[in-house]
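One structure is given here, and the rest of the page talks about it.
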Amino acid sequence: MANLFAALADLPARAVRERAPGAPPPARLPALERLLARGVARESDSDWRRWALGTAGLVAPSGDLPLARLLAAAHGLDVGPSESWLIASPLKLGAGLNSVHVLDARLDVAPEVAAGLCARFNAEWQGSAELQVAGPALLLREPAELEATTVDPSLLDGLELTAALPRGRDAARLIRRMTEIQMWLHAAGESAFNGLWLWGAGRGALAGTAAWPMLATNDPSLAAARIVHPGSAATPAPTLATWSCAGLLAAGLALTDADARWFEPLEAALARGEVEAAELHFAGRAIRLTGAQRFRWWRRARPWWEFGQ
């Protein structure tokens, strides 16, 4: 029998809870809701990657995870000790009368577009900041040390922007940099996106000796962590998967397809004993699941977006 760790990386519970009054709720996910209702939940870190790294035996420092530095090192970029690296994720922003909302935080940039953007940026900014390509990600190098707590952009869809702005000692500098980049993108005539969200600014190194589970994920940060900290394979080797709305939408599917693709098969595998135990990470909770829990039929399932409130 196998074990499974899975992160529901960007299921937009918070955005649904904060939707405009009168806006219709999204579709229910009955299989996921049964699993959430019958499993045993505990508090976990709000950033699922910290939890995922922990399953591989790696301990991250407090504060922001060093995701950008991991990506830079894994792609052969020179990472100096006194500079800051941040992931620069493209956003589509929409301005209302009194607020700015995130219209799309799941934008992919073609490699040739990313390369051209970096070339223009670096020529015009002349070392005050530098934009680099690291596989599927864009990275921003800041010459100075920055200390800030940031938010994964996959959680921003539909949110008012000020609800997720950076916090901490250098938050104002980081917000000012994002504003400057928005103005630069407008002047450069970029139409596919109008902002770069800066995040993953941690500077501390990961500690521990890695023993990696099998990775069923396309998350570039975890792939980078395995390159930088290759370690060994865990024995026995559970599977660590990430299930992402962005992946569904990119495949032309809808959120309602998540049940058929992920949660109904997991529920059936637990019932048949093919998976001994699973742990879902969602909304700052870790939910442990076993086959016997299916008999907890008296536990009422609630809408998935209410979980973790």
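Brief remarks follow.
- The residues of the range 142-154 that are in contact (Cβ under 8 Å) with a residue 60 or more places away in the chain and not polar (S, T, N, Q), listed by number, are PRO143, ALA144, GLU145, LEU146, GLU147, ALA148, ASP152, PRO153.
- Among the candidates PRO24, PRO66, residue that is out of contact with any strand residue (DSSP E or B) (no Cβ under 6 Å at 6 or more places or on another chain) and surrounded by fewer than 21 Cβ atoms within 10 Å (Cβ to Cβ): PRO24
- In the set ALA72, ALA134, ALA129, ALA88, only one residue is touching a residue at least 40 places away in the same chain (Cβ under 8 Å), of a type outside the set (S, T, N, Q) and within 13 Å of TRP197 (Cβ to Cβ); that residue is ALA88.
- Residue match in the range 166-177 (condition: assigned to a loop (DSSP other than H, G, I, E, B), on the phi < 0 side of the Ramachandran plot, acidic (Asp, Glu) and out of contact with any Cys (no Cβ under 8 Å at 6 or more places or on another chain)): yes
- Among the residues making up the range 263-275, a single one is surrounded by fewer than 16 Cβ atoms within 10 Å (Cβ to Cβ), in contact (Cβ under 8 Å) with a residue 24 or more places away in the chain and among the charged types (D, E, K, R): GLU274.
- Scanning the range 182-236 for residues that are surrounded by 18 or more Cβ atoms within 10 Å (Cβ to Cβ) and among the hydroxyl-bearing types (Ser, Thr, Tyr), we see that the one that is modelled with the highest pLDDT is SER221.
- Any hit, the range 81-88, residues being among the aromatic types (Phe, Trp, Tyr) and closer than 20 Å to THR242 by Cα: no
- Here the range 79-137 is the region considered, the condition is being among the acidic types (Asp, Glu) and either part of a loop (DSSP other than H, G, I, E, B) or not assigned by TED's automatic domain parsing to the domain that holds SER191 (or both), and the residue that is surrounded by the most Cβ atoms within 10 Å (Cβ to Cβ) is GLU83.
- Checking PRO26 against (1) modelled with pLDDT of 80 or more; (2) touching a helix residue (DSSP H, G or I) at 6+ places or on another chain (Cβ under 7 Å); (3) within 16 Å of ALA283 (Cα to Cα); (4) not in a helix (DSSP H, G or I), the condition it does not meet: (3)
The values are calculated or read from the model by the stated rules, or taken from the named source; none is laboratory data. Here the structure is a predicted model, which is why all the values come from computation and not from measurement. Cβ atoms come from the backbone with ideal geometry, glycine included; neighbour counts cover every protein chain shown.
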